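Contents: one structure, followed by commentary.
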Amino acid sequence: MSDITPRRSTKQREAVREALEASDEFVSAQTLHQALRAGGSTVGLATVYRALAALAEDGEADALQSAGEVLYRACTRTHHHHLICRSCGRTVELEAAAVERWAGQVAAAHGFVEPEHVVDIFGVCAECAAARRAAADPPR
């Protein structure tokens with residue numbers, strides 16, 4: 001029998017969950033709050049922060065630290081990794097069997113068991129890289 005009490009589902013938490021699921025990229029609590037307000041919601045910013053933290057804790061959202069703030073994205077599957085564009089925020093979910101093997105080997109080599117890890121790879125997507133090249137070398 002589990003001693004974990006399920007979280008109470010509230011109208012505000014459901015609104016945050018739905019808004020997060022509507023986004024394809026990682027978003028900040030403030031950005032999500034602005035989207036909710038633009039849609040007519042009266043949910044407060046503090047409630048958005050609490051709901052996002054709870055969703056991440058429950059495994060329903062991915063969270064990552066970027067430029068000093070936590071960004072969130074609806075989690076669409078079990079353990080996975082991310083490739084994230086630093087320019088536009090485009091995110092690709094990755095399965096990485098080689099990373100899983102490596103993490104297990106490194107942990108075992110140091111006497112650790114039950115390793116857990118997070119891998120987020122930041123780069124610039126092809127579209128943003130092409131736009132940068134075009135801006136740096138305008139046609140004559």
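Here are the numbers:
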{"item": "Verdict on D120 being more than 18 Å from A19 (Cβ to Cβ), surrounded by 14 or more Cβ atoms within 10 Å (Cβ to Cβ), touching a residue at least 12 places away in the same chain (Cβ under 8 Å) and charged (D, E, K, R)", "result": "yes"}
{"item": "Number of the condition not met by R17 [criteria: (1) in contact (Cβ under 8 Å) with a residue 40 or more places away in the chain; (2) assigned to a loop (DSSP other than H, G, I, E, B)]", "result": "(2)"}
{"item": "Scope the stretch 31-44; condition surrounded by 14 or more Cβ atoms within 10 Å (Cβ to Cβ) and either free of Cβ contacts under 8 Å to residues at least 24 places away in the same chain or in a helix (DSSP H, G or I) (or both); matching residues", "result": "T31, L32, H33, Q34, A35, L36, R37"}
{"item": "T47 being out of contact with any Asp or Glu (no Cβ under 6 Å at 6 or more places or on another chain), within 30 Å of A126 (Cα to Cα) and not hydrophobic (A, V, I, L, M, F, W, C)", "result": "no"}
{"item": "Residue list for the stretch 19-30, filter: surrounded by 13 or more Cβ atoms within 10 Å (Cβ to Cβ) and not aromatic (F, W, Y)", "result": "A19, L20, E21, S23, E25, V27, S28, A29"}
{"item": "The stretch 96-117, residues that are loosely packed, with under 12 Cβ neighbours inside 10 Å and modelled with pLDDT under 90", "result": "A97, A98, E116"}
{"item": "Filtered residue count, the stretch 54-113, keeping only those that are within 30 Å of T10 (Cβ to Cβ), outside any helix (DSSP H, G or I) and of a type outside the set (A, V, I, L, M)", "result": "20"}
{"item": "Counted residues, the stretch 78-137 - those being touching a Leu at 6+ places or on another chain (Cβ under 9 Å) and under 20 Å from A61 (Cβ atoms)", "result": "16"}
{"item": "Qualifying residue in the stretch 114-122 (condition: of a type outside the set (A, V, I, L, M), within 14 Å of F26 (Cα to Cα) and in contact with a Lys or Arg (Cβ under 7 Å, 6 or more places away or on another chain))", "result": "yes"}
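The values are calculated or read from the model by the stated rules, or taken from the named source; none is laboratory data. Only a predicted model underlies this, so the values are computations on that prediction, with no experimental measurement involved. Cβ sites come from the backbone with ideal geometry, for glycine too, and all protein chains shown count toward neighbours.
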